[in-house]
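Presented below is the structure to which this report refers.
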Amino acid sequence: MNEKQLSEHEVLFQRYHDGELDDASREKVESLLAGNEKYRGSLRSYERLSALLELTAPEASDELAGRRDWEKIASGLESTGPRKSRKTTYWLGLAAAAALFIFLYYPFGTPINNETMVESIDCTYDSFLLLHPSSDGGHTIIWINDHSSVRN
Amino acid sequence: MTQIKAQPPDDRKLVEQARSGSQAAFRSLFERYHAKIYRLAASMVGSSDDAHDIVQQTFIRAFSSLDGFKQQSSFYTWLYRIALNATTDYRRKQSTKLEKEAVRDRLDHGQGLEKIAAPTEQAPDERLYRKELAEVIRKAVDTLGQEHREILILREINGLSYTEITEITGLEPGTVMSRLHYARKNLAETLRRWKIPD
């Protein structure tokens, strides 16, 4: 962007046109304008441009459209919520995950024991197998095939 | 008898209430600023339907970001900033540089301008003329760079002060004035090239 710094006059006239000057500066600009046709010309070009731009101003939104906007916003708000609750959700989620972890691994303070002592096996089962694979940490697996009820 | 008028709650109070989850408070803020945000969006994107979409996005984004709003600036300049970002996102999705250049090239060669002629005794339709002229002005504004376009629209169409523009855009006051100056200068040159009647 090739924009050189504005001259003092450019700043003054622009501010004058935009109503951004205090009384003293405004009087100064008005005296400059009174004595210089070129300055009056540049002010007129500002005014002409503003008048043309005013043509592009949109029409105001009507009440019904405003109401429709609110309805859509309100339904959006229900799913969004202020970000504060997002923070809360984060901590709640973390707490829930921690609680689940503790519950699964230490339910009610009792550690889960996968080992169960089997004292006897009911031999009315169709068949059963005792497996003692070395890959399973030395644990015994009991496989039972119960077809007795089908046979009856 | 002295009549005591209830003062409407200020923005700060409504923001606090909305932050605590009050939808009614947020609705009050919506009713206060809806028209202004709509005007900003419509002046930036042109289409009324799209402007309403942007209004909705702006308020939903504002509500979800309320916790991050520290009230160091006024609520409405903060809201304007959100709306401005939403329009920028929208325009980025909608238009490509090529399209913009195509419009500029076409109008630079005077095509399309033959349609708009000042009203005469034979064709005195002033309203139609103004409508067509407005369309060409809008296209001319569209050829400006985004940084010029935004400042020009904020000032000329939305009537914001330099201070407000500074707060919304986060630019230095000198930069705002400079961009405004060059936006006007470039626009005037384009209109001269396109032989737009005064």
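The values are calculated or read from the model by the stated rules, or taken from the named source; none is laboratory data. Only a predicted model underlies this, so the values are computations on that prediction, with no experimental measurement involved. Counting neighbours? That spans all protein chains shown, and the Cβs are built from the backbone with ideal geometry, glycine included.
Some observations on this one:
- One residue stands out in the range A:36-88 among those that are facing chain B (nearest Cβ under 8 Å), modelled with pLDDT under 90 and not in a helix (DSSP H, G or I): the one that is farthest from A:GLU8 (Cα to Cα), namely A:GLY81.
- Residue count for the range A:26-52 under the criterion of being touching a Leu at 6+ places or on another chain (Cβ under 7 Å) and over 17 Å from B:ASN186 (Cβ atoms): the result is 5.
- For the residues B:ARG27, B:ARG32, B:ARG39, the requirement of being among the basic types (Lys, Arg), crowded, with 18+ Cβ neighbours inside 10 Å and farther than 21 Å from A:SER79 by Cβ singles out B:ARG39.
- Residues that are more than 14 Å from chain B (Cβ to nearest Cβ) and exposed (fewer than 10 other Cβ atoms within 10 Å of the Cβ), drawn from the range A:7-30: A:ASP23, A:ALA24
- Every residue from the range B:180-198 that is crowded, with 22+ Cβ neighbours inside 10 Å and more than 8 Å from chain A (Cβ to nearest Cβ): B:ALA183
- Residue in the range B:168-179 that is in contact (Cβ under 8 Å) with a residue 12 or more places away in the chain, at the interface with chain A (Cβ under 7 Å from one of its Cβ atoms) and more than 19 Å from B:ASN85 (Cα to Cα) present: yes
- Residue among B:GLU156, B:GLU150 that alone is modelled with pLDDT of 95 or more and away from chain A (no Cβ under 13 Å): B:GLU150
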